[in-house]
Amino acid sequence: MRLKGNLNVDPGFGDLTTTGALAAGQTERYLRDVRLFDHGVPTHLGILHEAGHPEPWIIAMDEIPNRATVRDDHSRWGVEPLFSDLKSRGFDLEATQLRDPERLDRLLLIMALALYWCVWTGVEDAYRHPTPLEKKPLRNPTSTIGRGANRPAAPYRTSSGDSGFCYGDSKPGTPYPFSIAPA
């Protein structure tokens, strides 16, 4: 779990401090058997501050911390915005009075479809109405290694008016994974 820098922690040496104070000036730090909060919840801390990031990653974990376990936890963070959208920041799932599992399943399905529609609408709008920066061609196109590696999606429009994105080595006319109907 990613932590903020203002949490009380007993590192097992010295005085009580905050997670931010433990991370200050560190690029990597791994602490075993620390106690979080005033209740002394036992955990391990992994602290990693990579160049270009404004804040360090301060992660509470049940595994022995090292660079690999901290990075592994970081790879799971992609799902966190979804949880946030479903909970208090978006659909407020926690406020529902539903307790029946089948009804909760249906509600989650509706919420997933609504979220998909919201994202899709944003993608479609961004394609149809690009910002001035997005309209400018790239001076240095992305270099590729091998066939299709790291190649960005390229928008296209056919003579019949169809449009979509061409990924990697695919050819226009075979829009994968989706196409956008003309306006």
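The numbers here are math on the coordinates, done by the rules we state, and not lab data. Since this is a predicted model, take the numbers as computed values, not measurements. Every residue, glycine as well, gets a Cβ built from its backbone with ideal geometry; the counts of neighbours run over all protein chains shown.
Compute the signed sum of charges (Lys and Arg +1, Asp and Glu -1) over the other residues within less than 10 Å, Cβ to Cβ, of Ile58.
Computed value for this residue: +2.
At Asp105 and Glu28, where each label point lies 7 Å from the Cα along Cα→Cβ, what is the point-to-point distance in nanometres?
Here the answer is 4.6 nm between the modelled labels.
If neighbour count is taken as other Cβ atoms inside 10 Å, put Val41, Val79 in order from fewest to most.
In increasing order of surrounding Cβ atoms, one gets Val79, Val41.
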